[in-house]
Structure formats: C-alpha cells, structure tokens
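Values quoted throughout were computed directly from the atomic coordinates according to the rules given, and no laboratory measurement underlies them. Just so it is clear, the structure is predicted and the values come from calculations on it, not from any experiment. So basically every Cβ, Gly included, is an ideal-geometry build from the backbone, and we count neighbours across all protein chains shown.
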C-alpha cells in the first residue's frame, strides 16, 4: 500500500498529467473540461501548459443518505443521470429515495453552474475533442455521468485524463471513452487523497479565479 504522496498538490498533478497530453497542445478543436471542484486546479494546469481553452462540466454524485461518500450514481449538466446498479441492489434502494437525492443534487448542480459560470453560456462541445479532467477516479460514477452527457452533446472524441484512479474503475471506464490516461492505476487504491501531499478542498472562489485566468473560451 502506498504510504507517501505522489503529487505535491493538484497543480503538480496537472503539470505531470500535461506531459501525457502534449500531442493535443494548441489545437483549436480541443477543449479541456474540468469536473469541479477538485478537478479544476488539475485541469487549469493542463490547459495552461497546452495552450488550450478551459471550462468546467458540472457533475454531482448521488450519495447514499447517511453514507454520502458511497455513490449510487451521479448527475451531470444536460439532465443526464447515471446509476450504479450494484450499489442500488446491495442497498435495496427505493425509487423514492433515489428521486429525492436526485432532486437535492440537481438544485446544487444548478447553483454551482450559476456560481462558477455567471452569465457565460455553457461551452459548445459538438464536433470538438474534449479532455475531461478530475483529480482522481474512485467509483467513476461522476466521470461516467459526464461522459454520457458529452456523448449526448455530440463531442467528437472524449479523452478522460486523471492523475490517479482505482485500477478496476480505470479498466471499466477505458471501454467507455475514446482514450483514458491515468498516471497511477492502483489495485491498492483507498482514496484519491492518499496520493496528494495537499488535498485541501478547492473553494468556489478558487474555481472562479482559475477559470478567469484562462480567459474566454
């Protein structure tokens, strides 16, 4: 089991991740999309190094009431919902509970979109190559929701890029996207934070600042 961090912080992780994405640098048909909040510093570093446009793609995990870290699914911009049938079956979750959690998280998703984006319209992804970035992959539910939504929106190619992930999740997700880049894929995965020296929470203000530094898309 890994006992020491691999990345100093999310910016360091993004710097290392960018090394694996250099072939996409400076291309007008490529955009970097971050999953907020933790994915934004990683993605900002990738976009900066590769001279690519940056925006965010809002996803909310559907946590089990009382055990919110356990994902029974996720929702994404565009009204997409992805459910985890194994978790739902194990919990014998009712449709009423799923809908109640979905309603709460939909409200928060819409709040975050307003808070982060302001008056800017959602980024257009149709016909573009999308590099979808987060700070790590645990269950992959949030990433799957984002991928499904981007497919609906007509993205030409979806590249999922993360610094670290659970090996089983990376294997499963690799079959659902055009390309998956994961710097560390571990069978001993416990949580994303174990690979970071600084894994402090990314604030709404930092998200807005990083998006603003990248300029208009």
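Pairwise alpha-carbon distances in the range 156-217 exceed 15 Å for 63% of all pairs. When you restrict to C-alpha pairs under 8 Å that are six or more residues apart and normalise by the size of the chain, the relative contact order lands at 27 percent.
Summarising the label geometry, the points placed 7 Å from Cα in the beta-carbon direction at residue 172 and residue 69 lie 1.8 nm from one another. Extending 7 Å from Cα along the Cβ direction at residue 190 and again at residue 49 yields two label points whose distance is 2.7 nm. Suppose we keep just the DSSP beta bridges with both residues in the chain; what percent of those would be antiparallel, to 5? If I count the DSSP bridges inside the chain, around 30 percent turn out antiparallel.
Full extension of the segment from residue 209 to residue 100, taken as 0.36 nm per residue of separation minus the current Cα-Cα distance, would add 36.0 nm.
Determine which residues of the range 17-36 fall in the zone a paramagnetic label at residue 157 would reach in this model, i.e. backbone nitrogen under 20 Å from the point 7 Å along Cα→Cβ. Backbone N within reach: 17-34.
With each run of n ≥ 4 DSSP H residues scored as -39500 (n - 2.57), what mean residue ellipticity at 222 nm is computed for the chain after dividing by its residue count and rounding to the nearest 500 deg cm²/dmol?
Numbers: 7 runs with 81 residues, N = 217.
Helix contribution divided over all residues of the chain: -11500 deg cm²/dmol.
Over the range 90-217, the Kirkwood radius and the radius of gyration, each from Cα atoms, give a ratio Rg/Rh of 0.98. Over 16 Å, how big is the tail of the calculated P(r) for the range 85-149, in percent of all Cα pairs? I get 67 percent for the Cα pairs in the range 85-149 exceeding 16 Å. Building the convex hull from the alpha-carbon atoms of the chain and averaging its projection over directions returns 11.4 nm². Here the Gaussian network model covers the chain, with springs between Cα atoms less than 10 Å apart; of 109, 54, 22, 22 fluctuates the most.
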